[in-house]
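The values are calculated or read from the model by the stated rules, or taken from the named source; none is laboratory data. Fair warning: this is a prediction, and the values are worked out from it, not measured in the lab. We place every Cβ from the backbone using ideal geometry, glycine too, and count neighbours over all the protein chains shown.
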Amino acid sequence: MNNSQWHSLSTARPEATLTTPYFSVLDTTLVKVSGSDAAQFLQNLLTNDVMQLTNGQCQLNGFCNPKGRLLASFLLIRQRDEYLLLLPDDQASFVMQRLSMFKLRSKVTVEDCSQDYRAIYLQADSTATGIRLPWHNTSSLILSEAAQHAAQINALEDDNWFNAGTEQFSQDLLIQGIPVVNASTREQFTPQQINFEVMGGVSFKKGCYPGQEVVARLHYLGKPSRRMFLCKLHNTSENLNAGDEVVDANQEVLGHIVNYAEQADGIALLVSFKLSALGQSVFTADGTVINDIWSLIADDEA
């Protein structure tokens, strides 16, 4: 069996190869939380500090269960006094239902607004315009009203932006090390196990939220036993699913796939590993070797 090659942050890892500027029309759901109590309502439930968002900004955010495991991850966008959650389609109805459980007497409305707005991801060759994504200063989002969506796409193409297709946003998120919790990995990972706090998805200065005690205790009193790594599989025929196990040569479970994306020369993956597995050969559950593994965070953050 081949040995996996574990690379440090100093070793070049895969990057997007498209020539900028390009755009991707997002195939996601937008959930709107509005009303006079919207900001405080979300502040009490989410992992990040909603009160720090100003109009036209977005942040990586999460929603945990009481045990500190992520129910969902998403971009939270502030549009004046309304908040939009950019969610995978398979998470939207669940998140809306779960948020509504906490409404009680709060003056908030939770609704699917995907028919009202369309989102477009932009990757530029200089500082981005629009709603800048917090982990990369050349990437951003544009939100347009549904009636103006086609005109927005035409304007970008007329301005020599390349339409990279709907999957490019997911691929770029993966290469940047941004995890997406979908329905199949719901409640599987703590934020630390998928580097969520390192990527700016958790505030340790805000007040309580479901699971906050567990997440904070690990941050202040210990270190995670698992972290997320970027991997490459030189086999495009592999049948993978988010949440699948990865194992060592003895079929002992080392971790789980968080996200994956097919590329021309293989499959790129984000995998949450036990740190005790560092340096070992790693395989998918059916025995295919994972050829390359890159660290996404510095040693002092592990």
Can you confirm whether Gln97 is free of Cβ contacts under 8 Å to residues at least 12 places away in the same chain and loosely packed, with under 14 Cβ neighbours inside 10 Å?
yes
Which pairs do you get when a residue that is touching a residue at least 40 places away in the same chain (Cβ under 8 Å) and over 18 Å from Ala72 (Cα atoms), found in the stretch 211-231, comes within reach of a residue that is hydroxyl-bearing (Ser, Thr, Tyr) and not in a helix (DSSP H, G or I), reach meaning Cβ atoms under 6 angstrom, with the pair 6+ apart or on two chains?
Arg226/Ser272
Odd one out for Val247 among (1) touching a residue at least 24 places away in the same chain (Cβ under 8 Å); (2) surrounded by 15 or more Cβ atoms within 10 Å (Cβ to Cβ); (3) more than 29 Å from Ile290 (Cα to Cα):
(3)
Residue check, Ala124 of a type in the set (A, V, I, L, M) and more than 18 Å from Leu85 (Cβ to Cβ)
yes
Applying the selection to the stretch 179-234, what residues are assigned to a loop (DSSP other than H, G, I, E, B), surrounded by 15 or more Cβ atoms within 10 Å (Cβ to Cβ) and among the polar types (S, T, N, Q)?
Asn182, Gln188, Thr190, Asn195, Ser203
How many residues are modelled with pLDDT under 95, within 15 Å of Leu143 (Cα to Cα) and charged (D, E, K, R) if we restrict to the stretch 73-115?
1
Filtering the stretch 118-141 down to residues that are surrounded by fewer than 19 Cβ atoms within 10 Å (Cβ to Cβ), in contact (Cβ under 8 Å) with a residue 60 or more places away in the chain and touching a helix residue (DSSP H, G or I) at 6+ places or on another chain (Cβ under 7 Å) yields Trp135
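Results for (1) modelled with pLDDT of 95 or more; (2) of a type in the set (Asp, Glu); (3) out of contact with any Pro (no Cβ under 9 Å at 6 or more places or on another chain), shown as yes or no for each residue.
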| site | (1), (2), (3) |
| --- | --- |
| Gln193 | yes, no, no |
| Phe204 | yes, no, yes |
| Pro210 | yes, no, no |
| Val215 | yes, no, no |
| Phe229 | yes, no, yes |
| Thr236 | no, no, yes |
| Asp244 | yes, yes, yes |
| Ala249 | no, no, yes |
| Leu254 | yes, no, yes |
